[in-house]
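J.: Can you keep this structure in mind? I'll have questions shortly.
Rule-based calculations on the coordinates, nothing more; no lab input. What you see is a predicted model; the values in this text were computed from it and never measured. We place every Cβ from the backbone using ideal geometry, glycine too, and count neighbours over all the protein chains shown.
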Amino acid sequence: MSVRLKRPPFEITTDPSRFDLDQIWRWLSGSYWATGIPRALVERSIRGALCFGILEGRRQVGLARVITDGATFAYLADVFVDESARGRGLARWLMQAILAHPELQGLRRWLLATRDAHRLYAGAGFRPLAHPEVFMEINRPGIYQSNSAMMRGERSSPAPHAKRQARATRVRSSRRARRASG
Ligand SMILES: CC(C)(COP(=O)(O)OP(=O)(O)OC[C@H]1O[C@@H](n2cnc3c(N)ncnc32)[C@H](O)[C@@H]1OP(=O)(O)O)[C@@H](O)C(=O)NCCC(=O)NCCS
């Protein structure tokens, strides 16, 4: 079921056929959490989630993705408002639209991660984890940068511990060489 809410000149829609994927890709590939994400992956991630777009006419102004089973759990991701439209309450409106969506009622848990927009989410009812010790994660920050570096055939610079190990090996072998020659 596709939702459409209006607050002229803006509207919120969950119909992904109206989204501007190029714009969304530009935002996300430049974001701090998905730097360098390939366009095809953005497209797949939109297909696999319940997405909310803010439009001004045909212009994409905002986005949020809700990754959910539609019954017990939802993860809120990729919340973005175009720089030109920030500070006008659009993200707050987006949060209200998301939490009021008929397919997202009665969930046991909502999760999200943010570096600095806690105030936005606190206004929508999110709180810091009450028991962070019960959560675990597999986290791969920078995954798109290393993938694209690999695709470009660049060698990644060695990790600091690998550098230390290499230096120690060089020192040991030069000592051995000095002992052997002296
Ligand atoms: C964060 C973002 C979505 C907010 O959009 P916005 O439309 O300007 O936000 P709103 O005008 O609806 O502001 C809603 C509330 O969030 C607060 N807020 C907005 N951006 C914030 C930020 N970067 N850090 C802290 N608080 C922020 C506002 O002060 C406001 O609080 P108030 O209601 O208590 O006054 C937007 O700045 C953005 O897209 N930033 C870049 C991408 C990003 O960081 N996304 C969030 C990833 S978790």
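J.: What is the distance, in nm, between label points placed 7 Å from the Cα along the Cα-to-Cβ direction at ASP15 and at ARG47?
T.: Using points 7 Å along Cα→Cβ, the separation is 2.1 nm.
J.: Quick one: dipole size for the range 42-115, taken about the Cα centre, charges +1 on Lys/Arg Cβ and -1 on Asp/Glu Cβ, in debye to the nearest 20.
T.: 120
J.: How would the range 81-124 be classified by its alpha-carbon gyration tensor: rounded, prolate or oblate, with rounded meaning a/c under 1.5 and the a/b versus b/c comparison settling the rest?
T.: Oblate, because a/c is 1.5 or more while a/b does not exceed b/c.
J.: Got a sec to turn the phi values of the range 80-87 into Karplus ³J(HN,Hα) couplings, 6.51 cos²θ - 1.76 cosθ + 1.60 with θ = phi - 60°, whole Hz, x for Gly and Pro?
T.: 8, 10, 4, 3, 5, 10, 6, x
J.: Where in the range 27-68 are there chymotrypsin sites (Phe, Trp or Tyr not before Pro) that are in a DSSP coil and have at most 13 other Cβ atoms within 10 angstrom of their Cβ?
T.: Details: sites: TRP27, TYR32, TRP33, PHE52; in loops: TYR32, TRP33.
Passing both the DSSP loop test and the Cβ count: TYR32, TRP33.
J.: Looking only at the range 3-30, which residues have a backbone nitrogen under 18 Å from a spot 7 Å from the Cα of GLN96 in the C-beta direction?
T.: 3-14
J.: Taking the Cβ-Cβ separation of ARG108 and ARG59 as r and a Förster radius of 30 Å, what is the calculated FRET efficiency to the nearest 0.05?
T.: Step by step, r from the Cβ atoms, then E = 0.25.
J.: Continuing with the same structure: In nm, to one decimal, how far is the SER84 label point from the TYR32 one, both placed 7 Å along Cα→Cβ?
T.: Label at SER84, label at TYR32, 2.5 nm between them.
J.: Then there's this: Applying 1/(1 + (r/R0)^6) with R0 = 22 Å to the Cβ-Cβ distance of PHE73 and ARG140, what FRET efficiency is obtained, to the nearest 0.05?
T.: 0.55
J.: Would you please classify the overall shape of the range 9-154 from the alpha carbon gyration tensor, given that a ≥ b ≥ c denote the square roots of the eigenvalues, rounded means a/c under 1.5, and beyond that prolate means a/b larger than b/c while oblate covers the rest?
T.: Here the range 9-154 falls in the oblate category.
J.: Sticking with this structure for a sec: Taking the mean number of other Cβ atoms within 10 Å as a proxy for protection, how do you rank 88-98, 34-44, 130-140 from highest to lowest?
T.: Top of the packing list down: 88-98, 34-44, 130-140.
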